[in-house]
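These notes are about the structure you will find just below.
The values are calculated or read from the model by the stated rules, or taken from the named source; none is laboratory data. Computed from a prediction, not measured in an experiment: that's the story for all the values here. Cβ sites come from the backbone with ideal geometry, for glycine too, and all protein chains shown count toward neighbours.
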Amino acid sequence: MPAPVVRLIENEDIPGAAAALVEVHATDGYPVEGVSDPEEWIRPSGVIQAWVAETDRVVGHVAISRAQGEDAVTLWQAESGEDEARIGVLARLFVVREARKNAVGEKLMRAAMGYAQEHRLRLVLDVMTKDSAAIRLYERLGWKLIGEASHGYGNGQQIPAVCYVWPAS
């Protein structure tokens, strides 16, 4: 596999990102929602900026969204008093299995963190506790645990999650 390139997403990347999302869902069960309309899931309302990783195809994705009442936002505001307008939510990070050995997840995270630092955004996220590889990545990159939550999806379903803040913003 050629070395992955991380860059801003373009409209023509959406089908390839959607295909990668469906692939990740099949191997990892992530996301727990969104695979019925993966193109829509990749571009929800409120996205500030998004990136893809590509080789000969899209192999990963990450986005920063505006705060919209997420548990991680609420927890961080309670702890810090930070204005919601200065908070970005890191979301929709996924990498196909074959690309993971190339640190694609880390490269995507670093792109998002660089953007946040440049635009003076505090990043928060929630991650399902079952996604231990993602949790290890966040902690290795300096993200700090700020609390527990429950990720709601589907028809009233819930799954345990934890919330993190990136303190370097």
Given (1) surrounded by 13 or more Cβ atoms within 10 Å (Cβ to Cβ); (2) assigned to a loop (DSSP other than H, G, I, E, B), Ser36 misses just (1)
Across (1) free of Cβ contacts under 8 Å to residues at least 24 places away in the same chain; (2) within 17 Å of Val62 (Cβ to Cβ); (3) charged (D, E, K, R), Arg97 clears everything bar (1)
Original post:
Do we find a residue being within 19 Å of Asp131 (Cα to Cα), part of a helix (DSSP H, G or I) and touching a His at 6+ places or on another chain (Cβ under 8 Å) anywhere in the stretch 11-27?
Top reply: yes
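One line per residue, one yes/no per condition, for (1) over 18 Å from Gln49 (Cα atoms); (2) among the hydroxyl-bearing types (Ser, Thr, Tyr); (3) modelled with pLDDT under 95:
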| position | (1), (2), (3) |
| --- | --- |
| Lys101 | yes, no, yes |
| Leu123 | no, no, no |
| Leu141 | yes, no, no |
| Ala149 | yes, no, yes |
| Trp166 | no, no, no |
Here the residues within the stretch 112-130 that are over 12 Å from the mean Cα position of the chain (by Cα) and either of a type in the set (D, E, K, R) or more than 23 Å from Gly29 (Cα to Cα) (or both) are Gly114, Tyr115, Ala116, Gln117, Glu118, His119, Arg120, Leu121, Arg122, Lys130
Output for Cβ contacts, cut-off 7 Å, separation at least six or different chains, first residue of a type in the set (Asp, Glu) in the stretch 11-27, second buried (at least 18 other Cβ atoms within 10 Å of the Cβ), reads Asp13/Val52; Asp13/Val58; Glu23/Val96
Over the stretch 119-154, the set of residues touching a Cys at 6+ places or on another chain (Cβ under 9 Å) and in contact (Cβ under 8 Å) with a residue 60 or more places away in the chain is Ile146, Gly147, Ala149
Any residue at all in the stretch 98-119 that is surrounded by fewer than 13 Cβ atoms within 10 Å (Cβ to Cβ) and at positive phi? no
Checking Val95, Val73, Val32 in turn, the sole residue that is under 25 Å from His151 (Cα atoms) and within 13 Å of the chain's Cα centre (by Cα) turns out to be Val95
Scanning the stretch 127-161 residue by residue, the ones that are in a strand (DSSP E or B) and within 21 Å of Arg100 (Cβ to Cβ) total 2
If you go through Val59, Val52, Val73, the only one that is surrounded by 15 or more Cβ atoms within 10 Å (Cβ to Cβ), in a helix (DSSP H, G or I) and among the β-branched types (Val, Ile, Thr) is Val73
